[in-house]
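Since the structure comes first, as structure tokens, the remarks are kept for the end.
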Amino acid sequence: MKSMTGYGEAQAQGKVAKVAVQVRTVNHRHLDIQLRVPRSYLSVEEAIRQKIRQRLNRGRVELLITRSLVKGKGRRLEFDDALLDQYLAALKQAKKKFGLKGETDLLLLTRIPELFEYKEDDSQWQNERGIVLKTVEAALANLDRSRTREGDHLKRDMQNQVQQLRKLSGALEREARSIYKSLLESLAPREAGRSHEGQRPGKEHENSLPKGDIHEEVVRLKSHVEGLSKLMRERGAVGKKLDFLLQETQRELSTIGAKAIQLSTVGLVLSGKEKVEKIREQVQNVE
């Protein structure tokens, strides 16, 4: 069992650049992948998405890749000599027009930052595809360990709640037997009256029991509780299955609560619903 909440990161360095990957996941009904990658890595986005799909089934995934160049690598300084020609021509024209004096020297260049530009060698990033994918894989592995740790905590808590539900369903089973016995006893005078009038007692009198028999609902409830316990021992994504089974469990408890009039039974139903809601809150975090 894994939680949908987790965090993982990894980094690696190539000849030209350092690559850092951070990935965070939170609850979501489906798999929602959000990527933020450098422009130069856009062509590798689909491969990254594929790696995420191989590991995750549900949750909102936010993956961030940052790229920083190794000092002194991958960049070159370019000088815009055409722009300098325009500056010099404009200065020459101004000197002539306004009778200005003075010489143009190298200090002028330091005062015009637009003349210089750092450019990155775009061909370099293509050699980083392997590094990027390996770093993404390492970050996802760390994320997986984080989600597994959180999933273990969720599992233990939910198993404790299911154990409480098992005890409650056992108590409801005893209540159902007691209720059934009382209902049969309430039918006895009617059956005796039929016999006195010469009528044959109904062989299928159980089918005519008044409102209050909860035997069938309790049987289904116990089956659902055992199903929950079994699901929590399975590997893989079980969150949707658990959520469905919890809905069925809640439905049976509601039916029992609507049919039964005994305070002891109603109290058990309310306690059972509370346990189910606690489990459902946790299941919202389960993949």
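A compact table of results
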| read-out | value |
| --- | --- |
| Sole residue being of a type in the set (Ser, Thr, Tyr), loosely packed, with under 13 Cβ neighbours inside 10 Å, at negative phi and at pLDDT 55 or above, chosen from 186, 223, 208, 229 | 186 |
| Any hit, the stretch 21-31, residues being in the same structural domain as residue 128 (by TED's automatic domain parsing), of a type in the set (Ser, Thr, Tyr) and within 17 Å of residue 134 (Cα to Cα) | no |
| Residues of the stretch 32-42 satisfying the condition of being modelled with pLDDT under 95 and either in contact with a Lys or Arg (Cβ under 8 Å, 6 or more places away or on another chain) or of a type in the set (Phe, Trp, Tyr) (or both) | 38, 40, 41 |
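Table: residues versus (1) closer than 30 Å to residue 237 by Cα; (2) in contact with an Asp or Glu (Cβ under 7 Å, 6 or more places away or on another chain).
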{"position": "85", "(1), (2)": "no, no"}
{"position": "92", "(1), (2)": "no, no"}
{"position": "111", "(1), (2)": "no, no"}
{"position": "115", "(1), (2)": "no, yes"}
{"position": "146", "(1), (2)": "yes, no"}
{"position": "156", "(1), (2)": "yes, no"}
{"position": "170", "(1), (2)": "yes, no"}
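The values are calculated or read from the model by the stated rules, or taken from the named source; none is laboratory data. The structure presented is a predicted model; accordingly, all values stated were derived computationally and were not measured. Because the Cβ atoms are built from the backbone with ideal geometry, glycine has one as well, and the counts that use them run over all protein chains shown.
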